[in-house]
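Here's the structure, in structure tokens; my notes come after.
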Amino acid sequence: MLTPWGEKLDKNNILKEYPRPQFKRDSYINLNGAWEFCVSESETEPEEFPESILVPFSPESELSGAKTMPQKKDFLWYRLLSRLPEGFNRGRVLLHFGAVDQIATVYINGAELYTHVGGFTPFSVDLTEALGGDELSIVLRVSDITDAGYHSRGKQKSKRGGIWYTPQSGIWQTVWMESVPERYIKNLSITPHFDRQAVEILVEGEGEGFITLEGERYSFEGGIATIIPIKEMRPWSPDSPYLYDFTVELGEDKAESYFAMRKFSVEADEKGVKRLFLNNQPLFHNGMLDQGYWSDGLLTAPSDEALIYDIALAKEMGFNMLRKHIKLEPMRWYYHCDRLGMLVWQDMPSGGGKYNFFTISTPLVTKRHFKDSHYGLFARKSAEGRQQYYKELKEMISALYNCPCIALWVPFNEGWGQFDAQKAVEMIESMDSTRTIDHASGWHDQFIGETKSWHVYFKPYRFKPDRLGRAVILTEFGGYNHRVEGHAFSQKDFGYKRYESVNSLSYAFRDLYTKEIGPAWKQGLAAAVYTQLSDVEDELNGLVTYDRKVVKISPATVKSIISVDKE
């Protein structure tokens, strides 16, 4: 099933846009495109690579062009033979992977340099010592056991169906290189201080440098935060997503970046009801669940325009928030949310062992919550797996910290591999004190934090204030199903309520907001997340089809329906 962008994919020009807009240099080589490819049971590099694959599409996806589908016991081998352009090497050469699922080992010119574990977070490798000249051989070995272990896997399942999707493996985000001087900017950390009307910028690197912002030049010392006042502050919001551009110079290295002035908090409104606040004002987060799956690329969007389409469609429908569900996106997706004005709730991809149906389903009916220190009950017996979760959680927070659009972190969903949520919250807060946290989306509330989260599908939603005085957020609801023939993935049909016609779907959708969400907002509901933006495989509960070719209810109609503050 091809999307409109998959239909016109240029194999020689795949996702060529600069992949990291908040840390941009003029030194850039995009390595997407045709790589040599081999699937083998051997851990040893094969002598021949008989196939070709289009990177960064995983072999299981239609757009990859791969003919061999890997099994759990297999290793995926990638090879790219290239040559560095004359004058490209300025001192150090860095190789970047947006994401590789799950365990990736990098070999450069025959030398093993690095192994990264975790299928959703970016990583980089310094190639300099292995180069020896301009000739370059990049070999990548990947193993992926999907749900047979404890690693983060998100919605992938070896036996797909219902809310679980086709597993994928290998490279699934952009691969690229850049060259930097011996002394260079290693990272940027950007923290807006809204109430102080200032921004804090920490540059990782050695020595002194300069930040240029709004025509002014400010000196900094590498590793020491610099506080810069914002003279005429323009707050960022979904209605006015203003971004401040700035540049950083450290010796001969220069990078471009941006930030926004905004503040997220949980406060009491004028009636004493806890709400989500943006820039010291209450804001109802009116959102959709967004799985980020594509009918032709699976986890990988076929183009930058496709990424923009989903966000722009949600904006056109009147939503101000997307909950990125159990997945990390390429950095360009967050950039488009930043510039278009879309709040993001960011889920941590779920992992652990095989989930106990009783654990993950019973609370939907009984409302019973379990203590998440019972590791066996939550499929978290492996101590090594629990440590791996923390490692990947830290990598996610580090990778996305600077993104203005991210308003809330979700470390666990519906008990899928949940454990010690209090510790996870403390870890997030130690890295980022500027955002709200939903510690247990749906259920298995540990009675901590600033929010009370619940999912409701099988009965009408009726607001109840939280007995601990936390902000109440409805983090999943709806899931209304409508099948559009010719645009469905299979003959299977999953959803929480099925409607045979567009008219019946539209009327039911209207009733949902006018009779449940609107009244609940007036009583104190702080956020609502409708399931969902697009169909995904058997799930036909999206407002747009899986191939993105049919919008089921017109955006104007959706916008008129979901406004909770209309009389």
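Report, largest value first, the span of the C-alpha coordinates of the stretch 366-498 along each principal axis, in whole Å.
Cα extents, longest axis first: 48, 37, 36 Å.
Using alpha carbons only, what's the Rg to Rh ratio of the stretch 42-124 with Rh from Kirkwood? Don't skip to the end; give the middle numbers.
Working: Rg = 14.2 Å, Rh = 14.7 Å.
With Rg and the Kirkwood Rh in hand, the quotient comes to 0.96.
Expressed in whole Å with the largest first, what are the equivalent ellipsoid semi-axes of the stretch 268-420 derived from the C-alpha gyration tensor as the square root of 5 times each eigenvalue? Mind showing how you got there, number by number?
Working: eigenvalues 163, 94, 47 Å².
For the stretch 268-420, the ellipsoid semi-axes come out as 29, 22, 15 Å.
Among 215, 111, 481, flag the residue with its Cα farthest along the positive direction of the charge dipole of the chain, charges on Cβ as +1 for Lys/Arg and -1 for Asp/Glu.
481
Largest first, please: the extent of the C-alpha atoms of the stretch 187-259 along each principal axis, to the nearest Å.
38, 20, 20
Compute the Rg to Rh ratio over the stretch 181-317 from the alpha carbon atoms, using the Kirkwood formula for Rh, and round to two decimal places.
Details: Rg = 19.0 Å, Rh = 17.9 Å.
Ratio of gyration radius to Kirkwood radius for the stretch 181-317: 1.06.
Going from the alpha-carbon gyration tensor of the stretch 122-264, what semi-axes, largest first and in whole Å, does one get by taking the root of 5 times each eigenvalue?
Working: eigenvalues 271, 142, 29 Å².
Ellipsoid half-lengths, sorted descending, are 37, 27, 12 Å.
Using the Kirkwood formula over every pair of different C-alpha atoms, what hydrodynamic radius in Å results for the stretch 172-211?
Details: mean 1/r = 0.0777 Å⁻¹.
When all Cα pairs of the stretch 172-211 are included, the Kirkwood radius is 12.9 Å.
Along its three principal axes, how long is the stretch 1-158 when you only count alpha carbons? Whole Å, largest extent first please.
46, 39, 31
Based on Cα coordinates alone, diagonalise the gyration tensor for the stretch 336-383, multiply each eigenvalue by 5, take square roots, and list the semi-axes in whole Å, largest first.
Values: eigenvalues 186, 50, 16 Å².
Values for the stretch 336-383, descending: 30, 16, 9 Å.
Compute, for the chain, the length of the dipole vector about the Cα centre, with Cβ point charges of +1 (Lys, Arg) and -1 (Asp, Glu) only. Units Debye, rounded to 20.
Values: 66 positive and 78 negative charges, 536 e Å.
Once rounded to the nearest 20, the dipole reads 2580 debye.
Mind pulling up the Rg/Rh value for the chain? Radius of gyration and Kirkwood radius, both on Cα. Don't skip to the end; give the middle numbers.
Values: Rg = 23.5 Å, Rh = 24.6 Å.
Rg divided by Rh gives 0.96.
Got a sec? Charge dipole of the stretch 4-180, +1 on Cβ for Lys and Arg, -1 for Asp and Glu; which of 167, 76, 57 is way out at the positive end?
Value: 167.
Would you please put 5-14, 172-181 in order of how densely packed they are, using the mean number of other Cβ atoms within 10 angstrom per residue and starting with the highest? Mind showing how you got there, number by number?
Values: 5-14: 14.3, 172-181: 23.0.
Result, highest mean Cβ count within 10 Å first: 172-181, 5-14.
Based on Cβ point charges of +1 for Lys and Arg and -1 for Asp and Glu, what charge dipole magnitude is obtained for the stretch 4-180 about its Cα centre, in debye rounded to the nearest 20?
Here the size comes out at about 760 debye.
Using a 4.7 Å Cβ cut-off, which Cys residues in the chain lack a partner cysteine?
Those would be 38, 403, since no other cysteine Cβ in the chain comes under 4.7 Å of theirs.
Charges at C-beta only: +1 for Lys and Arg, -1 for Asp and Glu. How large is the resulting dipole of the stretch 262-307 about its Cα centre, in Debye rounded to 20?
On the way: 5 positive and 7 negative charges, 85 e Å.
Rounded to the nearest 20 debye, it is 400 debye.
Per DSSP H run of at least 4 residues, take -39500 (n - 2.57); add these up for the chain, divide by its residues and hand me the 222 nm value, nearest 500 deg cm²/dmol. Provide the component values of the computation, followed by the final result.
Values: 10 runs with 95 residues, N = 567.
Dividing the helical sum by the residues of the chain leaves -5000 deg cm²/dmol.
Here, each number is a calculation from the coordinates, and none is a lab measurement. The structure displayed is predicted, hence computed values, not measured ones. Positions of Cβ are generated from backbone atoms using ideal geometry, with glycine treated the same way; all protein chains shown enter the neighbour counts.
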